[in-house]
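Right, one structure below, let's go through it.
The values are calculated or read from the model by the stated rules, or taken from the named source; none is laboratory data. Model, not experiment: these values are computed from the prediction. Counting neighbours? That spans all protein chains shown, and the Cβs are built from the backbone with ideal geometry, glycine included. Each accessible area value is taken on the protein alone, full model and side chains, heavy atoms only, with ligands, DNA and RNA left out. Shrake-Rupley method; radii C 1.70, N 1.55, O 1.52, S 1.80 Å.
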Amino acid sequence: METTKEIYKIGFGPSSSHTMGPHKAAEIFAKRHGECHSFRVTLYGSLAATGKGHLTDKAINDVLSSMGGVEIVWEPKIFLPYHPNGMKFEALDGEDRVYDSWTVFSVGGGSLSEGEGDVHRLPDIYEMKHLTDIKDWCERTGKSYWEYVDECEDSDIWDYLHEAWNVMKESVRRGLDAEGVLPGPLNLRRKASMYYIKAMGFNQSLRSRGLVFSYALAVSEENASGGKIVTAPTCGSSGVMPAVLYHLQETRDFSDARILRAMATAGVIGNIAKANASISGAEVGCQGEVGVACAMASAAACQLFGGSAAQIEYAAEMGLEHHLGMTCDPVCGLVQIPCIERNAYAAARALDANIYSSFTDGKHRVSYDRVVEVMKQTGKDIPSLYKETSEGGLAKGFKPM
């Protein structure tokens, strides 16, 4: 498995696959061509189907337009082999002849791949990539999941996680202060500040749940408006982890050091899903985004409350299992409906998964690794119109931007 830093990418929304990935790809291609007459970028499959709503063209133009003309070609009906989020960059001379081209895929969480056997892929630094094996290691050594991260990563991982945590907290606070309408044709009003104010008027139980909702809405609304967020593991699911961690620090006074260890544990959970299945909505649906985010947050909460290695694994398993089959059907191709509400519900569900697992000894029949396998197969079985194309489900009847 790759470094945990690939799970927690710091960047701007609204989509890791459709905004951050293409932006990064454009930067790589631009470095190859310091001087170029013009560029042509062809977007395929899911990347083209909802690219305008996800600001894909803007992400590419922001990089390439200063170097030459840019033509964006949309091919939503053409799906390249390997992954639905394909794109081809072409450099053209003064006579519009292609003298260099590059095909690359945005595979989720802002990561790029050139296909099977990608030589540009980051090196694996984790020897084990199944949670059962890591859990056995924890039980054998008496150590925790975050200590496995500490042994595998470079020493700067803690500085990086601290930076990511600060960005998460800032996105919560900005989102709580912001009001108005989110960009796009849905005219969807921000709700985080209203939820926060209403939550403060309830008794402790309802207040707690309402605050968690408000924190998740705050980050998700920041993401939807192109604000600075942290993928956890994606932009579309970036509200779940911050909501849970921010709430627990505010109410239980957990130190930043303990929060960072919980983030490291959650990073293992997300990394396993990414390595053995996918975190791309275009490939496996929203189960790979919000589902994995919920599993990560469930494990983080359980870590903070002193859960055993087995209880943490159980909490993560429940967080993902109960999102199996979730489709990705963004209305108008925007990361707003149903994405924002899903973040709020998943944050609450993560806290419930922690409570449920804490009542057990951690023993259960279906492992997290098994659920990841099922998620991958389920993703393959879900028709493409339910995987970030905005052609089916809730999006049906609405035209993508």
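For the cross-link pairs Lys24/Lys396; Lys24/Lys228; Lys135/Lys169; Lys58/Lys88; Lys31/Lys58; Lys5/Lys58, the ones whose C-alpha atoms lie over 27 Å apart are Lys24/Lys396; Lys135/Lys169. In order along the stretch 71-76, the phi-based Karplus estimate (6.51 cos²θ - 1.76 cosθ + 1.60, θ = phi - 60°) of 3J(HN,Hα) comes to 10, 9, 10, 9, 10, x Hz; Gly and Pro are listed as x. Overall, the anisotropy analysis places the stretch 154-235 in the oblate class: the square-rooted eigenvalues a ≥ b ≥ c of its C-alpha gyration tensor yield a/c not less than 1.5, with a/b not exceeding b/c. Exposed loop sites were defined as GluC sites (Glu not before Pro) in DSSP loop states (anything but H, G, I, E or B) carrying at most 12 other C-beta atoms within 10 Å; in the chain the longest segment without such a site runs 180-401. Note: the stretch 35-145, Cα convex hull, 156 Å³ per residue.
Oblate is the label for the stretch 326-401, because a/c, from the alpha-carbon gyration tensor with a ≥ b ≥ c as root eigenvalues, is 1.5 or above and a/b does not exceed b/c. If you bin all the Cα-Cα distances of the stretch 142-185 at 10 Å, starting from zero, the percentages per bin are 22, 29, 23, 16, 9, 1. Roughly how many Å is it from the Cα centre of the stretch 168-228 to that of the stretch 123-157, as a whole number? So the separation of the two Cα centres works out to 35 Å. With both residues required to sit in the chain, DSSP beta bridges show an antiparallel share near 70%.
Using a ≥ b ≥ c from the Cα gyration tensor of the stretch 181-335 (square roots of the eigenvalues), is it rounded, prolate or oblate, where a/c under 1.5 gives rounded and otherwise the larger of a/b and b/c decides, a/b for prolate? Verdict is oblate for the stretch 181-335. When the Cα positions of Phe359, Ala257, Gly288 are compared along the charge dipole of the chain, Phe359 comes out farthest toward the positive end, with charges on each C-beta of Lys, Arg, Asp and Glu. Checking Cβ-Cβ separations below 4.7 Å across the chain identifies Cys36, Cys138, Cys152, Cys235, Cys294, Cys302, Cys332, Cys339 as cysteines lacking any candidate disulfide partner. A Förster radius of 25 Å combined with the Cβ-Cβ distance from Trp102 to His37 puts the calculated FRET efficiency at roughly 0.90.
Here is the list for the stretch 129-206: chymotrypsin sites (Phe, Trp or Tyr not before Pro) lying in DSSP coil, each with at most 13 other C-beta atoms within 10 angstrom of its C-beta, are Phe202. FRET efficiency for the Asp361 to Lys228 pair, using the beta carbon distance and R₀ = 41 Å, is estimated at 0.50. About its Cα centre, the chain has a charge dipole of approximately 1420 debye under the convention of +1 per Lys or Arg Cβ and -1 per Asp or Glu Cβ, with nothing else charged. Note that the chain presents 41 Å² accessible area per residue, ligands and nucleic acids not counted, probe 1.4 Å.
For the chain, a Kirkwood radius taken over Cα pairs fed into Stokes-Einstein (4 °C, viscosity 1.567 mPa s) yields D = 62 µm²/s.
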